[in-house]
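The next block holds one structure in the form of structure tokens; read it before the comments.
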Amino acid sequence: GEVGVYEILLRRADSGTVPVIVSASPLFDRDGSFRGTVAVFTDITERKQAEEALRESERRYRTLFEYSRDAIDITTPDGRFIDVNGAFSELFGYSREEITKLNPERLWLDPVQRCQWRETVERQGYVRDYEWKAIRKDGEIRDCILTSTVWQTEDGKVHLLASGKSWIM
């Protein structure tokens, strides 16, 4: 007696299958007797293909992000860390959990240099090969090079995507 919506694989005459959404509801005559079911089938092949392409894209992104030898981080415009990769954790000596609670200013030896970097990113939308001095968790100072890009998500949120390397002088 209720409308039902189901996602199923429908077998075709050629023995193939097609993913569909079935929306079915009961059909009653004037005296309230059940007469049958009305069903609408909607082919969702393209949606399923798009979902799989999105999953594959996410797998590629996650692999690239996680296994990159460059330190990569994603932050909010105000500098709060959203995500970092393992190379970032190794470079700065913080666990991922510690980094999400960390004020990113703590990583910069020179606050003026951080302001200059930030102003450049805001003005241009990116900065490439920006040299700066970073402070590790253990207090060691590292010379680093940083590339940052403003990135806007489909829902309009703005993030900074950054990657960098360090070298010891």
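Quick check on segment 119-169: of everything there that is at pLDDT 90 or above and basic (Lys, Arg), which residue is nearest to Pro77 (Cα to Cα)? Ranking the candidates gives Arg123 first.
Which one of these is exposed (fewer than 14 other Cβ atoms within 10 Å of the Cβ) and hydrophobic (A, V, I, L, M, F, W, C): Val22, Val5?
Details: Val22 fails: exposed (fewer than 14 other Cβ atoms within 10 Å of the Cβ).
Going through Val22, Val5 in turn, just one is exposed (fewer than 14 other Cβ atoms within 10 Å of the Cβ) and hydrophobic (A, V, I, L, M, F, W, C): Val5.
Taken over segment 1-46, the criterion of being in a loop (DSSP other than H, G, I, E, B), at pLDDT 90 or above and hydrophobic (A, V, I, L, M, F, W, C) is satisfied by Ala13, Ile44. Pairing each residue of segment 55-67 that is closer than 15 Å to Gly86 by Cβ with any residue that is open to solvent by less than 100 Å² (accessible area, probe 1.4 Å) and acidic (Asp, Glu), provided the two are 6+ apart or on different chains, yields C-beta distances under 9 Å for Phe65/Asp83.
Using the structure shown, decide if Thr75 is open to solvent by less than 80 Å² (accessible area, probe 1.4 Å), more than 30 Å from Arg12 (Cβ to Cβ) and within 20 Å of the chain's Cα centre (by Cα). Show your work before the answer.
On the way: open to solvent by less than 80 Å² (accessible area, probe 1.4 Å): yes; more than 30 Å from Arg12 (Cβ to Cβ): yes; within 20 Å of the chain's Cα centre (by Cα): yes.
The answer is yes for Thr75.
Do we find that Lys133 is touching a Leu at 6+ places or on another chain (Cβ under 9 Å), in contact (Cβ under 8 Å) with a residue 60 or more places away in the chain and among the basic types (Lys, Arg) in this structure? Spelling it out, it is not the case that Lys133 is touching a Leu at 6+ places or on another chain (Cβ under 9 Å), in contact (Cβ under 8 Å) with a residue 60 or more places away in the chain and among the basic types (Lys, Arg).
Would you be able to say whether some residue in segment 94-111 is touching a residue at least 40 places away in the same chain (Cβ under 8 Å) and either loosely packed, with under 10 Cβ neighbours inside 10 Å or out of contact with any helix residue (DSSP H, G or I) (no Cβ under 9 Å at 6 or more places or on another chain) (or both)? Talk me through it step by step, then tell me what you get.
Let us first name the residues in segment 94-111 that are touching a residue at least 40 places away in the same chain (Cβ under 8 Å), namely 94.
So of that shortlist, the ones also either loosely packed, with under 10 Cβ neighbours inside 10 Å or out of contact with any helix residue (DSSP H, G or I) (no Cβ under 9 Å at 6 or more places or on another chain) (or both) come out as none.
No, segment 94-111 has no match at all.
Taking segment 26-41 as the region of interest, how many residues are open to solvent by less than 100 Å² (accessible area, probe 1.4 Å), in contact with a strand residue (DSSP E or B) (Cβ under 9 Å, 6 or more places away or on another chain) and over 30 Å from Glu52 (Cβ atoms)? Here the count works out to 6.
The values are calculated or read from the model by the stated rules, or taken from the named source; none is laboratory data. Quick caveat: nothing in here was measured; it's all calculated off a predicted structure. With ideal geometry, Cβ positions are generated from the backbone for all residues, glycine too; neighbour counts draw on all protein chains shown. Calculation scope for accessible area: heavy atoms of the full protein, side chains included, ligands and nucleic acids excluded. Shrake-Rupley method; radii C 1.70, N 1.55, O 1.52, S 1.80 Å.
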